[in-house]
1. Just how many % of Cα pairs in region A:99-220 lie over 24 Å apart, if you round to the nearest whole percent?
2. So for the pair A:K218, A:S752, with labels modelled 7 Å out along Cα→Cβ, what separation do we get in nm?
3. Nearest 0.05, what FRET efficiency do A:A656 and A:A138 give at R0 = 60 Å with Cβ-Cβ as r?
4. Give the share of C-alpha pairs in each 20 angstrom bin for chain A, from 0 to the last occupied bin, in whole percents, shortest bins first.
5. Provide the packing ranking of A:550-559, A:517-526, i.e. peptides ordered by the mean count of other C-beta atoms within 10 Å per residue, highest first.
6. Shape of region A:682-822 from its Cα gyration tensor (a ≥ b ≥ c, root eigenvalues): rounded if a/c is under 1.5, otherwise prolate when a/b > b/c, or oblate?
7. Using the heavy atoms of the protein chains alone and a 1.4 angstrom probe, what is the accessible area of region A:682-822 per residue in square angstrom?
8. Over the Cα atoms of region A:306-516, what Rg and Dmax result, in angstrom?
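The values are calculated or read from the model by the stated rules, or taken from the named source; none is laboratory data. Not measured: the values here are computed from a predicted model. We place every Cβ from the backbone using ideal geometry, glycine too, and count neighbours over all the protein chains shown. Each accessible area value is taken on the protein alone, full model and side chains, heavy atoms only, with ligands, DNA and RNA left out. Shrake-Rupley method; radii C 1.70, N 1.55, O 1.52, S 1.80 Å.
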Amino acid sequence: MADRLAPVTDLARTRPLLLLIDGHSMAYRAFFALPAENFSTSTGATTNAVYGFTSMLANLLRDERPTHVAVAFDVGRTTFRTEQYPAYKATRDATPEEFRGQVPLIKEILATLRVTTLEKEGFEADDVIATLATRAVASGMDVLVCSGDRDALQLVGPEVTLLYPRKGVSDLVRFTPEAVEDKYGVPPGRYPDLAALVGETSDNLPGVPGVGPKTAAKWITAHGDLEAVLAAAPTIKGKAGENLRTHLDQVRVNRELNAAVRDLELPVTVEDLASQPWDREAMHRVFDALEFRTLRERLLAMVPDAEDDAAAFDLEVVAAVPGSLGTWLAERDGRTVALEVSGRGNPTGGDAWTLALADGTQQALVVDLTDLDPQDESTLAVWLADGAAPKAVHGAKSAVHALGARGLDLAGVVFDTLLAAYLCHPDQRSYDLGDLAVRHLRRELRAESASGDGQGALDLDLDGGGVETGAAVRAAAVAELVEVLRGELADRASGGLLADLELPLVQVLVGMERTGIGAAGAYLAELEAHFAAAVADAASEAYAVIGREMNLGSPKQLQEVLFDQLGMPKTKRIKTGYTTDAAALTDLFERTEHPFLAHLLAHRDASRLRQTVEGLIRSVAPDGRIHTTFQQTIAATGRLSSTDPNLQNIPIRTEAGRRIRRAFVVGDGYETLLTADYSQIEMRIMAHLSGDEGLIDAFRSGEDLHNFVGARVFGVTTDEVTSAMRSKIKAMSYGLAYGLSSFGLSKQLGISVAEATALMEDYFARFGGVRDYLAGVVEDARRTGYTATILGRRRYLPDLTSDNRQRREMAERMALNAPIQGSAADIIKVAMLGVHRGLAQEGLASRLLLQVHDELVLEVAPGERAAVERLVRDEMAAAATLSVPLDVSVGTGRSWHDAAH
DNA sequence: CGTCTCACGTA
DNA sequence: CGTACGTGAGACGT
């Protein structure tokens, strides 16, 4: 009786718990429960089943805390059951293509979680589960079976519970023996008897007509089991009894087929299924690829620190006392010191509070920048600005901004773990230092046993991970990552890209961000008022047409008005109904001439322009200039991007839009803005990379590119190329660099697919080198796994070998475009370095302000216009030696608009 | 309040 | 069913 004193829950917890999941059935449920269109990656892969399954698994791991886990899968469609009874499951629809591709992904995730997956040729997942459940019970374990197959009900017993999905995959019903009996009127062991009588439509097993679960349960209860029911069949009365007698054979077949096999030979024992530490690096890789951010967080959040396999940093943290900094640095003279700045690294309003230095040997020095002894301050300033004192940092640009705010220059940065990680894996969305530490060092960003050495003036919060310790740990992580990432970069032959391109570019970008571009504040305010008035006018006219007010900016409300209320023809389908984008509205207007559409389009245009202007006004800094931030590690192709505000998408195509460009003006003390852009750089790179003689001739001839190509394709002279012909050729030439299909070309040009195909064939007949090059790029990338630019910048495209067509074709288009867009990015970065260096060398006061992918914007100091133009033309043209010239066009003017050409 | 979707600007 | 980005409004779920 003594054991009755112990709480039942504690007793239960002492027994091991095995979780067995029917992978196929649960994934299939998830596939239909979650709308596919809400779960696709940026590369177009559908992931709804993967998401649903993994989410369910995460919940089970959290709520049930199993000690052992396994997932069983079906192998193919043929099993011993289909051999025996060909009709078994014969009515099932073919598995959707979208679903099949997801099963391997689920297995990948399970592998990272170190969950055993099992499958057995000729058997179903249920048989594997039945076998394991039986063995687990025999060895004293409790078992949870998770399956959407009702046949699993027969496994339920005192130690075995079935979790059966009621709806979707998150709402699971818990079938204990009592629950089974409540619901079906028979104990779990008799459930197959009941199912044999009732039949199972989903397995294509017909039951006895007129016999449902109630009758079947009544008979089984009355006679004991199925055998007894069958034996008593002659005496059972009524229509049901008659039907039973004519279906005895079918019932026997059913009973044979629905019996789970409990003694399969399996390559593992139940003990082998014990939970193991997760492969966190692989998890990050797989979850990154699937773009499951929150799901990864949910899983990682479940790992208690004690079970965490990732170690922390074993670090001695020393707080700098007056005079100690110089000694510490001197002791490490010539060695690369990793540094971490805590603060804000914005171009304006930056600040730095703490600086941590680490040398990669478990010691870190923490310096409080807000309370520095004058002597130390000068020691630090000299060391930081010393280009010969090698340093490593995670995110050099932010560090320069942060330190710069305290008047400290940073030079001598020989390694940047952020840039290095980007060059190695340019497709990731973030390169958080903590993630890199886990991935490459298998460490968490926390201190194992931090300690001061007695001389510390700072009161370090060692256990709680205060600012100082945090900075020290990050610096230590940087120091260690340098070694690892240097190796990874070398493996990719990309060390030069970091040292000679991206790192030197940091200082150029810092200068551009810090300088900003002049903004005409009063003019911007006028523009805002002007566009706001246009918005109001368009809105009131639109309301007048439909006789009521509405939110014209709401796609949802617009759909109601256009398609329900006004009954307009349906446009292209999107997730949430029908598109109301400008192309569709313009098309609708041409067909219906409904005035509402014209007002709506005018409203769209005006409110967009107003919104752009408002954003710019908000961005004007106290110095009257706009300071964007150039992101150096975002675009997978190697381009820069611009944020806060984005100055790479300022309107230019429409007159109204160009008015916004007039707001970007030359600053006080400068003479003019100068813009310089590469003409047709992507097509020139295409000519170079493909080596196509025709295309190379086109650029060497000095003829208009599209006229030249058009003349060849259409077999006319260049002056016979009509503007219609020219625009077709232009669309096609650029489309090729994006992986355009004949379908896409036909849509864009409004011609038939056949015409588009013919046009492409004519094109390739004259420019065969282009076709061969494009085919070769994809082939090479499929073989090597990556594409490369002219400077060797790589982009890895694992999806090129995907079984999923959508995914594979997306990767193919990326492979076509990456070398071209990426080489253009390489070239303009080289040009920026050249221009920056040239300006300094020639002692010019003019400066770089912006980069817009193929264009540079400079602010020219008085009297330097000619020198700067020459310098910029030379440096941009000389940035790469291609088999075609790099043509640069230059314009100057008081505003960005006036400097256009 | 955070996250997603749509729409749309640039190269 | 043409690549690469960033932003803001509305819608939606927590």
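1. Details: 2591 of 7381 pairs.
Percentage above 24 Å: 35.
2. The two pseudo-label positions are separated by 6.8 nm.
3. 0.15
4. 11, 32, 34, 18, 5, 0
5. Working: A:550-559: 14.8, A:517-526: 16.9.
The packing order, highest mean first, is A:517-526, A:550-559.
6. Numbers: a/c = 2.57, a/b = 1.49, b/c = 1.73.
Oblate, because a/c is 1.5 or more while a/b does not exceed b/c.
7. Numbers: 6430 Å² over 141 residues.
Result: 46 Å² of accessible area for each residue.
8. Cα radius of gyration and Dmax of region A:306-516 are 16.4, 50 Å respectively.
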